[in-house]
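The values are calculated or read from the model by the stated rules, or taken from the named source; none is laboratory data. Not measured: the values here are computed from a predicted model. Ideal geometry is used to build each Cβ from the backbone, glycine not excepted, and the neighbour counts take in all protein chains shown. Calculation scope for accessible area: heavy atoms of the full protein, side chains included, ligands and nucleic acids excluded. Shrake-Rupley method; radii C 1.70, N 1.55, O 1.52, S 1.80 Å.
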Amino acid sequence: MALSAERRAALIEKYNFRDLRLRSNRVRIPLSERAPRKVIHRTETPAQKAQKKLARKEKAHAVKQDLDEFYARNWAYARELAQKYGQTASHWYKTLMQNARVAKTKRKLNLYNVFQSLRLEQLNADIPEGQPHLKSNSREVQARLTSEWRAMSKEEQVEVTKERAAVLEARRESADVGRHNVHIAAFHDVRATLHHVTEQLDFLNKRTDVEFLLLSSRGDMTQYNRPMVWRSSTIMDGFCSNVLSVNTLDLVARMEAYTLAGIKGVKGTYNKELKELRQACSSLIYRQCQELVSPNPFPKMHYTDFDEYLTRRHRVRYVGWPLDAFKSPFLVTSLVELRVLHANLESGATKFVKLTEEEYAEWRESRTNRPAPPTCPPSSNGNNNAGTVDQPSSSPGADQQTPLDNAENNANASADAQSLSASATAAGPSAPTPPSSELPGGGAVDASRGTKRPLEMIFTADGVVTKKPRKQRSDKGKKRGPTKRRNTSTTTSA
């Protein structure tokens, strides 16, 4: 899972703002579930391979010659500028090329390293095939080679490493005309340059207390560098949060999105990806559930009442749901959460399974033993339906309740009936009750609203449904006169 903004900011503060890199939101897929690599079988003959190798070498040599001629012309022009305007030729050459400072000299070969390379090759040649080879980082190997090297004189050391040194020198020269990857070279150039710049800015901040905020993002999709943010202290975090209303990590992410696609591209790309992921996740969920309930398909997917429509009827459950709540993908507003859900559905980390008989029995028992929900207090509009249960439908399409369901409903209905009796007693005889009339089909008509109130039921342990008797008013049958007004002066004095 991706790091939150607060957690990421805390880690950046802990590691001095530079050791933490942006983490990828991509979900890691187990190696056993990854798709196999595509193997390309080539049918080239050895002669064709040798011909292509020779062509690559000739091309690399030609490119090297053209680049050398280009650099030579630039050096000549830099010398002309130095004679005309002063400064050195190197200064004008760097101005023309905008080259970073790199090493122009080569180190001399270390004879001990040459001897180590030679002896390791000889020792590994005597090891049988299939056995582990010796490595230069082993302490035993280093101790053995060091003792042999120190036992030789200077003349013997030069004589032993003479041929091997010539081979390594030739290998060095071949690297000058070797094939280079421009994008990887640019990646390392950006990384090294930014490291040098941030180091100098850090020193400058400590010397002068000047604050810096450095943001970098790629301007082309072919580049490998990730967005980077560097600040000299936490003051810049407070500036971005309080003034710009955004944290520095979101700021650099938006900067990269703007440099790559522009302001219209950012909004269009985000909404397009959000829509596509929602549709893809919804299709995957519906397809998996349809395969499990086949040959009894259902017209649409139920999320809010998943237990009732799919678990109870078809014994289908979900496993490994990554979000906080089980809901429709069209209700998820976070692009990161949708990416995680889509990746889990494709990899199988999130899936829908068919419950066995034992698992289904456990699920039913867990639903039966769960605590009853709290009863709702009587409403103030006089239409008190607390503790009431509607009559079960007698239509053919209604679900038939099992004894386990009856037991659960009986317990809830009994608790609601007791709560209703207590609230009616507390109300007293003075509580006004709108007149009602009984209907032949059960229930009563509320005179104040003209609607039919549901019957009040009591479910016993054996499943028998009986109608709860209504409590009669104390003033039933008595003629009511006008309400007597209380004396205001008496009430005030009291």
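Rounded to the nearest 0.05, what FRET efficiency do residue 47 and residue 220 give with R0 = 30 Å and r taken as the Cβ-Cβ distance? Could you check?
0.15
What is the extension gain from residue 167 to residue 296, computed as 0.36 nm multiplied by their sequence separation minus the C-alpha to C-alpha distance, in nm to one decimal?
Roughly 39.0 nm would be gained on extension.
Amide H of residue 134 versus every other amide H placed in the peptide plane: which residues, excluding those fewer than 5 positions away on the same chain, fall under 5 Å?
none
Please compute the per residue accessible area over the range 247-349 with all protein chains in place, 1.4 Å probe, rounded to a whole number of Å².
Per residue, the range 247-349 has an accessible area of 57 Å².
Would you mind working out the accessible area per residue for the range 114-203, using a 1.4 Å probe, and quoting it in Å²?
75
Would you kindly find the accessible area of residue 63, with a 1.4 Å probe and non-protein molecules such as ligands, DNA and RNA excluded, rounding to the nearest 10 Å²?
That residue has around 70 Å² of solvent-accessible surface.
Given 0.36 nm per residue, what is the gain on full extension from residue 361 to residue 56 after removing their alpha carbon distance, in nm?
Gain on stretching residue 361 to residue 56: 102.8 nm.
Stretched out fully, how many nm does the piece from residue 134 to residue 244 gain, at 0.36 nm a residue minus the Cα gap?
33.8 nm
Give me a comma-separated list of calculated 3J(HN,Hα) values for the range 226-234, in order, Karplus coefficients 6.51, -1.76, 1.60 applied at θ = phi - 60°, integers in Hz, x for any Gly or Pro.
For the range 226-234, the Karplus curve yields 8, x, 9, 10, 9, 9, 6, 7, 6 Hz.
Amide H neighbours of residue 351 under 5 Å, counting only residues 5+ apart in sequence or on other chains, H built in-plane at 1.01 Å?
Residues meeting the amide H criterion: 319.
Please tell me which of these pairs span more than 29 angstrom C-alpha to C-alpha: 300/354; 108/206; 57/108; 38/275?
Listed pairs above 29 Å: 108/206; 38/275.
Using the Karplus equation 6.51 cos²θ - 1.76 cosθ + 1.60 (θ = phi - 60°), what ³J(HN,Hα) coupling, rounded to whole Hz, does each residue of the range 347-356 give in order, writing x for Gly and Pro?
Working through the residues one at a time gives 7, x, 5, 10, 8, 10, 10, 9, 6, 7 Hz.
Give me a comma-separated list of calculated 3J(HN,Hα) values for the range 358-366, in order, Karplus coefficients 6.51, -1.76, 1.60 applied at θ = phi - 60°, integers in Hz, x for any Gly or Pro.
So the J values, rounded to whole Hz, are 5, 5, 5, 5, 5, 5, 5, 5, 5.
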